[in-house]
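Student: Let me begin by handing over the structure; questions about it come next.
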Amino acid sequence: MEQSVRHFIGSNKRFENRVIRLRNNENAVVFYELLIVKDENILARLFTIENWRLINGKWMIIRETEEPIS
C-alpha cells in the first residue's frame, strides 16, 4: 500500500467532461472523468459517478462509484 501511495505523490487530479443532472429537488447525480496526472503523464483515468442529496439544507455526497478506464 505504501508503494501505491508513493507512486501518486506529486500528482494532480483533473476533472473533465463533468455533467450534473438533478433527479428531483433533493437528489443529484454528477458524472465526470477523473485524470491523475504527474509530469504531464496520465497515471490513471477513472469514470466517476457521485450521488448527492440535500440534507438539512446542505448538499452531501452519499455515494461515489469509480471505474478505471483503460
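Student: Can you list residue pairs whose Cβ atoms sit under 9 Å apart, with the first residue in segment 9-21 being surrounded by 10 or more Cβ atoms within 10 Å (Cβ to Cβ) and modelled with pLDDT under 95 and the second being part of a strand (DSSP E or B) and among the small types (G, A, S)? Count only pairs 6 or more apart in sequence or on different chains.
Tutor: Between residues of segment 9-21 that are surrounded by 10 or more Cβ atoms within 10 Å (Cβ to Cβ) and modelled with pLDDT under 95 and residues that are part of a strand (DSSP E or B) and among the small types (G, A, S), the close pairs are S11/A44.
Student: Can you pull out the residues in segment 28-39 that are over 13 Å from I69 (Cβ atoms) and either touching a Gly at 6+ places or on another chain (Cβ under 6 Å) or open to solvent by 30 Å² or more (accessible area, probe 1.4 Å) (or both)?
Tutor: K38, D39
Student: Can you confirm whether W52 is aromatic (F, W, Y) and either open to solvent by less than 90 Å² (accessible area, probe 1.4 Å) or modelled with pLDDT under 95 (or both)?
Tutor: Yes; evaluated as a whole, the condition is true for this residue.
The values are calculated or read from the model by the stated rules, or taken from the named source; none is laboratory data. All figures in this text were calculated on a predicted structure; none of them were measured in a lab. Note: ideal-geometry Cβ built from the backbone for every residue, glycine included; neighbour counts use all protein chains shown. With ligands, DNA and RNA removed, areas are computed over all heavy atoms of the protein, side chains included. Shrake-Rupley method; radii C 1.70, N 1.55, O 1.52, S 1.80 Å.
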